[in-house]
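Taking it in order: structure first as structure tokens, then the write-up.
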Amino acid sequence: MIEKHIRMNITLPESVARELTLIADELKDKKSRIVAKALELYFDEIDGQIAEKRLNEFNQGKTELVAAEKVWKELGL
């Protein structure tokens, strides 16, 4: 399935923009594709950090677990 693409305008530091251009030229790839791939990798890393944060909050008693069955019931699933 082809995913819909959304046009976005972003501002990058000049050094990052320059490096992006060099990499795109070297790989003969689109800058947008390189940025998308880089963000996917970054999001994977951040997901791990968020999971660790939530686990620490749970271990410190700052949050509690909710049984999946309870959530499904509340959502009518």
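The values are calculated or read from the model by the stated rules, or taken from the named source; none is laboratory data. Just so it is clear, the model here is predicted, and its values are computed rather than measured. In this analysis, Cβ positions are derived from the backbone assuming ideal geometry, glycine residues included, and neighbour counts consider all displayed protein chains.
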- Is it the case that residue 30 is free of Cβ contacts under 8 Å to residues at least 60 places away in the same chain, of a type in the set (Lys, Arg), out of contact with any Gly (no Cβ under 9 Å at 6 or more places or on another chain) and exposed (fewer than 11 other Cβ atoms within 10 Å of the Cβ)? yes
- Task: Determine the pairs where a residue that is on the phi < 0 side of the Ramachandran plot, located within the stretch 62-77, has a partner that is modelled with pLDDT under 95 and exposed (fewer than 10 other Cβ atoms within 10 Å of the Cβ) with Cβ atoms under 7 Å apart, the partner being 6 or more residues away or on another chain.
- Result: none
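For the stretch 21-77: of the residues being small (Gly, Ala, Ser) and outside any helix (DSSP H, G or I), which is farthest from residue 3 (Cα to Cα)?
Among them, the one singled out is 61.
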